[in-house]
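Q: First the structure, which I've put down as structure tokens, then a few questions once you've had a look.
Each reported figure results from applying straightforward, stated rules to the coordinates on display, with no laboratory input. Just so it is clear, the model here is predicted, and its values are computed rather than measured. Note that each Cβ is placed from the backbone with ideal geometry, even for glycine, and that neighbours are counted across all protein chains shown.
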Ligand SMILES: Cc1ncc(COP(=O)(O)O)c(C=O)c1O
């Protein structure tokens, strides 16, 4: 693969951007090669500045569920741009978007729009603390909830990758990053994902001090790890009994594993829900929402402060409304399920043919192929997988025109633009790549 232009662009970028990137995982540190610089993307394909084209399973890390540059979303963006780029004042399109979100999630009565998932979760925990008058938050090891101070504790994917490279393990209850005060990290109690006993023990140890339980209802920042049967239901029950706020971070799973997210798929309602990625249609927009009695504590109705100059930006809101409208079309989630299933089955078979042991975790259109023969149910399991083999597999796939997330801790994202032919080509590439790395 020729990538001279990307190589030059990266060394140029490294002179002015720390690590040459604006978000760490983009630097390809998890696969020990240099990143490709992207020129454009269309449908299921992404093209680099050297002219190489790939079938893309990163999808901008989740938002591009419709595929890249969907004409209806572009059209909505163009129409919005023509009216001005930002007003710092309310628009009717924001109310329309809030109604769409409320229509999709039974548990959401009121919504606030923000610009990133980090902001959404950061404010959700502030609300939980204000609502309960308590300080502690329970989070699950390997779940990522953005880079706010309180939540950079055992934080999955990007952080795990950086930590692994520094040869340090995740430190439950300790900051995952220098610069996070230990006093803040100490307010976050970390327990393993899918471990209800540990949640029970946390409540036992910190009676009446836990404000909320924060969880990715489908974990997708340590690769994809589905909730064990009954896990989400039990978290709901524990929070009810302990009068703690149940916060589902559906920044990835929202509008992805079902239109109404994991809450629809598993039939469990959260008190507060964080959304991002897909709802922005590829633009910077995120949201959190939930019960009116909690949401009305937000300023200007209540005393809990949160604000944003570009919150509800008209261009992002237009992209969001167009995206959610398209996702309401009939068969959308059946198609995503079918494509995800075909890809998952094909990858498993390809690995078996090459005598490579893998565990395939999939929920709808997000999936991970872990290099292990054991079940993967939590972050500790993920950390026992064969990372060196993943790196060889990643490079072999890239050389065959398949763009996977450059880290063993990330998910594959399937979009509505991925065709049967794309999946067949991917499986063929995987057959060769598994052999190459066996
Ligand atoms: C589950 C989850 N929550 C929150 C975030 C933070 O979102 P953002 O990157 O938009 O700040 C992410 C980002 O990957 C995420 O996956």
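Q: How far, in nm, would the chain grow between residue 86 and residue 331 when pulled straight, counting 0.36 nm per residue and subtracting the alpha carbon separation?
A: Difference between extended and current length: 84.7 nm.
Q: Taking the Cα-to-Cβ direction at residue 208 and at residue 23 and moving 7 Å from each Cα, how far apart do the two end points lie in nm?
A: Reported label-point gap for residue 208 and residue 23 is 4.3 nm.
Q: While we're looking at this one, here's another question. Measure off 7 Å from each Cα along the Cα-to-Cβ vector at residue 197 and residue 183, then give the distance between these two points in nanometres to one decimal.
A: A separation of 3.6 nm, rounded to one decimal place.
Q: Additional query: Using the 10 angstrom Cβ neighbour count as an exposure proxy, how do 177, 253 rank, fewest first?
A: 177, 253
Q: With only alpha-carbon atoms counted, please give the Rg and Dmax of region 180-256, in Å.
A: Cα-based Rg and Dmax for region 180-256 come out at 12.9, 36 Å.
Q: Where both residues lie in the chain, what percent of DSSP beta bridges are antiparallel, nearest 5?
A: 60
Q: Now a separate question. Once the piece of chain linking residue 109 and residue 357 is laid out straight, how much longer is it, given 0.36 nm per residue of separation minus the C-alpha distance between them?
A: Length gained, residue 109 through residue 357: 84.7 nm.
Q: For region 13-66, what ratio Rg/Rh do Cα atoms give with a Kirkwood hydrodynamic radius?
A: My calculation puts Rg/Rh at 0.98.
Q: Rounded if a/c is under 1.5, else prolate if a/b beats b/c, else oblate: with a ≥ b ≥ c from the C-alpha gyration tensor eigenvalues square-rooted, which is region 296-438?
A: Verdict is prolate for region 296-438.
Q: Between residue 96 and residue 424, what FRET efficiency comes out of the Förster formula 1/(1 + (r/R0)^6) with R0 = 56 Å and r the beta carbon distance, rounded to 0.05?
A: That gives a FRET efficiency of 0.90.
Q: Tell me, 138, 81, 16 in order of fewest to most beta-carbon neighbours within 10 Å? Walk me through the intermediate numbers first.
A: Values: 138 24, 81 12, 16 7.
Least crowded to most crowded, the residues run 16, 81, 138.
Q: Past the 28 angstrom mark, what percentage of all C-alpha to C-alpha distances in the chain do you count?
A: 48
Q: Please state the shape class of region 71-327: rounded when a/c is under 1.5, otherwise prolate if a/b exceeds b/c and oblate if not, all from the C-alpha gyration tensor.
A: The shape class here is prolate.
Q: Now for a separate question. Taking the highest mean first, how do the peptides 308-320, 199-211, 355-367 order by number of other beta carbon atoms within 10 angstrom per residue?
A: 308-320, 355-367, 199-211
Q: Neighbouring Cβ atoms within 10 Å as the yardstick, rank 418, 4 fewest first.
A: By the 10 Å Cβ count, ascending: 4, 418.
Q: Test of understanding: in a Gaussian network model of the chain with alpha carbons linked when under 10 Å, which of 397, 412, 297 would top the mean-square fluctuation ranking?
A: Looking only at 397, 412, 297, the largest GNM fluctuation is found for 297.
Q: Using a Gaussian network model on the chain with a 10 Å cutoff between Cα atoms, which of 148, 116, 11 fluctuates the most?
A: Sorting by GNM fluctuation, first place goes to 11.
Q: Right, next: Of 301, 52, 221, which has the largest mean-square fluctuation in a 10 Å C-alpha GNM of the chain?
A: Highest fluctuation among the options: 301.
Q: Another question about this same structure. Mind jotting down the distance between the C-alpha centroids of region 282-358 and region 196-254, whole Å?
A: Value for the Cα centre distance between the two parts: 19 Å.
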